[in-house]
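K.L.:
Quick one: structure below, then a few questions.
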Amino acid sequence: MVTENLANVEKKIEDACARVGRSRDEVTLIAVSKTKPIPLLEEAYRAGARDFGENKVQEMMDKIPVLPDDINWHMIGHLQRNKVKYLIGKTTLIHSVDSLRLAEEISRLSEKNNVLTDILIEVNIAEEESKFGTSRDEAISLVEAVSALPGIRICGLMTIAPYVEDPEDNRKYFREIKKLSVDIANRNIDNVSMSILSMGMTGDYEVAIEEGATMVRVGTGIFGERDYNK
Ligand SMILES: *Cc1c(COP(=O)(O)O)cnc(C)c1O
């Protein structure tokens with residue numbers, strides 16, 4: 001099932017890119033495997049997936065050693081400072097940096113371990129109470145503060161759009177965060193690139209691609225519904 005689902009998502013990504021004249025290789029598909037057992041991840045791997053997203057540090061640490069080495073692991077969930085130590089040197093990209101204190105801890109441990117950690121700044125673009133992420137207004141000052149830290153490199157922005165029935169309802173948010181990333185890029189801040197825009201999930205990744213996403217995070221659309229009671 002995972003193999004067919006992946007092919008289906010792949011086709012939709014290609015179509016969305018074609019609709020707006022983008023090249024398929026501008027968009028990385030992250031298979032969000034949280035709560036899913038190893039055999040399903042292995043199936044996705046065999047079908048070509050090389051980027052996996054997890055939202056819990058422990059679960060990611062359990063999965064990394066039993067899966068192939070050439071997988072890019074993306075931390076997409078809210079991160080506590082006391083868990084950062086497990087991630088350093090293990091993740092390709094931390095998508096969910098939303099405070100200076102968290103960035104400082106990533107910086108400190110990266111320096112200590114002699115690595116450079118790539119991160120995104122998470123922006124709560126719809127200003128939802130229930131979501132993590134910096135506000136749009138605070139994003140620029142956070143980017144500036146984090147850019148001064150050693151051992152850490154800002155590569156772009158991430159957002160989790162609201163849960164909606166009609167993905168068109170999120171288009172305005174995807175446009176807003178794209179605009180924010182262009183505004184930040186235009187400031188030419190040292191040590192900051194805005195090359196990555198991580199946005200779009202199962203319900204709205206096609207619209208996100210049309211509005212400039214370079215990474216889409218698809219879980220349910222690849223692995224099926226999640227069961228949190230198991
Ligand atoms: C779970 C999760 C996803 C994937 O959600 P689906 O709707 O299952 O595609 C994407 N991004 C984040 C941050 C998540 O926590």
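K.L.:
Just flag the trypsin sites (Lys or Arg not before Pro) in region 81-118 sitting in loop per DSSP whose Cβ has no more than 15 other Cβ atoms within 10 Å.
P.N.:
For trypsin sites (Lys or Arg not before Pro) across region 81-118 that sit outside H, G, I, E and B with at most 15 neighbouring Cβ atoms in 10 Å, the list reads 90.
K.L.:
Let's see if you can work this out: charge +1 on each Lys and Arg Cβ, -1 on each Asp and Glu Cβ, no other charges. What is the dipole magnitude of region 111-154 about its Cα centre, in debye to the nearest 20?
P.N.:
Here region 111-154 has a charge dipole of around 260 debye.
K.L.:
In region 69-161, which GluC sites (Glu not before Pro) are in a loop and have at most 15 other Cβ atoms within 10 Å, using DSSP for the loop call? Walk me through the numbers on the way to the answer.
P.N.:
Working: sites: 104, 105, 111, 122, 127, 128, 129, 138, 144; in loops: 127, 128, 129.
Filter output for region 69-161: 127, 128, 129.
K.L.:
Say R0 is 41 Å: what FRET efficiency, to the nearest 0.05, do residue 50 and residue 82 get from their beta-carbon distance?
P.N.:
Efficiency computed from Cβ-Cβ geometry: 0.90.
K.L.:
Looking at region 154-230, which GluC sites (Glu not before Pro) are in a loop (DSSP not H, G, I, E or B) and have at most 13 other Cβ atoms within 10 Å? Each step should come with its number before you reach the end.
P.N.:
Numbers: sites: 165, 168, 176, 206, 210, 211, 225; in loops: 165, 211, 225.
Answer in residue order: 165, 225.
K.L.:
Hey, if you put +1 on the Cβ of every Lys and Arg and -1 on every Asp and Glu Cβ in region 2-223, which of 75, 170, 30 ends up farthest toward the positive end of that dipole?
P.N.:
Of 75, 170, 30, it is 75.
K.L.:
In whole percent, how big is the carbon plus sulfur part of the accessible area of the chain, probe 1.4 Å, protein atoms only?
P.N.:
C and S fraction of accessible area: 47 percent.
K.L.:
Additional query: Quick one: dipole size for region 137-189, taken about the Cα centre, charges +1 on Lys/Arg Cβ and -1 on Asp/Glu Cβ, in debye to the nearest 20.
P.N.:
320 debye
K.L.:
Another question, then. Reachable aspartates and glutamates from residue 90, Cα under 17 Å, same-chain residues fewer than 8 places away excluded?
P.N.:
Partners within reach: 51, 54, 59, 62, 69, 70, 105, 111, 118.
K.L.:
So, in Å, what gap is there between the alpha-carbon centers of region 193-215 and region 44-104?
P.N.:
19 Å
K.L.:
Kindly give the semi-axes, whole Å and largest first, of the ellipsoid equivalent to region 1-79, taking each as the square root of 5 times a Cα gyration tensor eigenvalue.
P.N.:
Rounded to whole Å, the semi-axes are 24, 14, 10.
K.L.:
Compute the accessible area per residue over the chain, keeping the other protein chains in place, probe 1.4 Å, unit Å².
P.N.:
Result: 49 Å² of accessible area for each residue.
K.L.:
Once you compute Rg and the Kirkwood Rh from C-alpha atoms, what is the Rg to Rh ratio for the chain?
P.N.:
Value, to two decimals: 0.95.
K.L.:
Mind listing the long-range amide H neighbours of residue 134? Cut-off is under 5 Å, sequence gap 5 or more, other chains count too, H placed in the peptide plane at 1.01 Å from N.
P.N.:
For residue 134, whose amide H was placed from the backbone, the distant partners under 5 Å are 122, 123, 124.
K.L.:
Quick one: compute the contact order of the chain, relative version, from alpha carbon pairs under 8 angstrom and 6+ residues apart, as a percent. Could the numbers behind the result be given before it?
P.N.:
Values: 435 pairs, mean separation 48.0, N = 230.
Result for the chain is 21 percent.
K.L.:
With point charges of +1 on the Cβ of Lys and Arg and -1 on the Cβ of Asp and Glu, referenced to the Cα centre of region 1-100, which listed residue (66, 91, 3) lies farthest in the positive direction of the dipole?
P.N.:
The residue sitting farthest along the positive end of the dipole is 91.
The values are calculated or read from the model by the stated rules, or taken from the named source; none is laboratory data. Nothing here was measured: the structure is a model prediction, and the numbers come from that model. All Cβ positions, glycine included, derive from the backbone under ideal geometry; neighbour counts span all protein chains shown. The area values use the complete protein model at the heavy-atom level, side chains included, leaving out ligands, DNA and RNA. Shrake-Rupley method; radii C 1.70, N 1.55, O 1.52, S 1.80 Å.
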